[in-house]
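*Asks:* Please see the structure below; I have some questions.
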Amino acid sequence: MIPRTRSAICRVNQLRLYSTAPTPPPSSSTSSTSSTSSTSPTSNVSAPRRKLSAKEKSELVSTSFKSIFEGVLGGEETFEHIDTKPIFASPRKFTTLSQFHRDQVIEELEKRMKQNWNRMTPEHKRMAYFISYGNWDAREGFEDNLVKDHKPEDLPFEKPARLAKGPNDIVKELPLRDLWQVSEKRREDYKKMTRRLDPVSKVVVYLAVIISMLAVYRDKTVGESEMIVGDVPDSPLMLADLKRQQEYEAAELKKKQEDEEAKKKSKAKKWYYLWLK
């Protein structure tokens, strides 16, 4: 489990330093004392290291892996929980957060929305509105509607619509709008999605398709000259065994045919059989 708090990370780093630090050199006072008592058998014995518990070892390993992968990926994203009060006070800061911190804000907001809505503060309501209808992600490039009330650009019909004032007024279906053309950002995305190939790329693609179809047709119908079909043994012993097996099968077939002919002859009746009987 990756430690989520700064204190846990500092604790793990201290453990790592204490467990891998070399033995410090003796001071001058210690060296003078050891010179006078050089005959002592325990003067050069270092103090035993403290054994790490299983939890401390797992935290040490997880922190080491985290530091390794952060160095490889070069990411600066942290997985520590942040204070969400400034984010709720200014909903536009939501777009600058990482995905981990966005999930944290959304999770906290969902917990609030599952409770009594009368207890929700205006900041939480404004954040919920911005996440759903703000000018970010799929609605990037739209006019900022967080404070000012205006017509949304991605309405599926033209506004204002003509209302029926009397029972004889004819109500018609409103024409649908192309939501891919409502803003410059969406028009750019639509062009990227439907961008056509240039003539050179088209020629390459068509040639590849034609060559593939010809190859499949040749494999299915024509075949290739001198192409080996099946496994042909090269060993003399295997060739002898194969020849012996073919001779045995031919002899069995011949014997079967002779037996069938003999049975037919034995069952055949002569022309005088009925006269003698």
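The values are calculated or read from the model by the stated rules, or taken from the named source; none is laboratory data. None of these values were measured; they are calculated from a predicted model. Don't worry about glycine lacking a Cβ; one is built from the backbone with ideal geometry, like all the others, and counts go over all protein chains shown.
*Asks:* Could you list all residues from the stretch 137-153 that are under 34 Å from the mean Cα position of the chain (by Cα) and surrounded by 15 or more Cβ atoms within 10 Å (Cβ to Cβ)?
*Replies:* Arg139, Gly141, Phe142, Glu153
Conditions tested, residue by residue: (1) at pLDDT 80 or above; (2) touching an Asp or Glu at 6+ places or on another chain (Cβ under 7 Å).
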| site | (1), (2) |
| --- | --- |
| His124 | yes, no |
| Phe142 | yes, yes |
| Lys151 | no, no |
| Asp178 | yes, no |
| Lys185 | yes, yes |
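*Asks:* Can you say whether Trp117 is within 30 Å of Trp180 (Cα to Cα) and modelled with pLDDT under 90, as far as the supplied structure shows?
*Replies:* Considered against the rule, which asks whether it is within 30 Å of Trp180 (Cα to Cα) and modelled with pLDDT under 90, Trp117 comes out as no.
*Asks:* Now for a different question. Quick one: count up the residues across the stretch 192-211 that are surrounded by 10 or more Cβ atoms within 10 Å (Cβ to Cβ) and either in a loop (DSSP other than H, G, I, E, B) or of a type in the set (Asp, Glu) (or both).
*Replies:* Matching residues across the stretch 192-211 total 1.
*Asks:* Could you say which residue among Glu158, Glu123, Glu153 is part of a helix (DSSP H, G or I) and without any contact (Cβ under 8 Å) to a residue 60 or more places away in the chain?
*Replies:* Going through Glu158, Glu123, Glu153 in turn, the sole match is Glu123.
*Asks:* Shifting gears a bit: Could you check Glu107 against (1) farther than 17 Å from Asn135 by Cα; (2) at pLDDT below 90 and say which number it fails?
*Replies:* Only one criterion is unmet by Glu107, namely (2).
*Asks:* In the stretch 96-118, what count of residues is obtained for those that are exposed (fewer than 15 other Cβ atoms within 10 Å of the Cβ) and touching a helix residue (DSSP H, G or I) at 6+ places or on another chain (Cβ under 8 Å)?
*Replies:* 2
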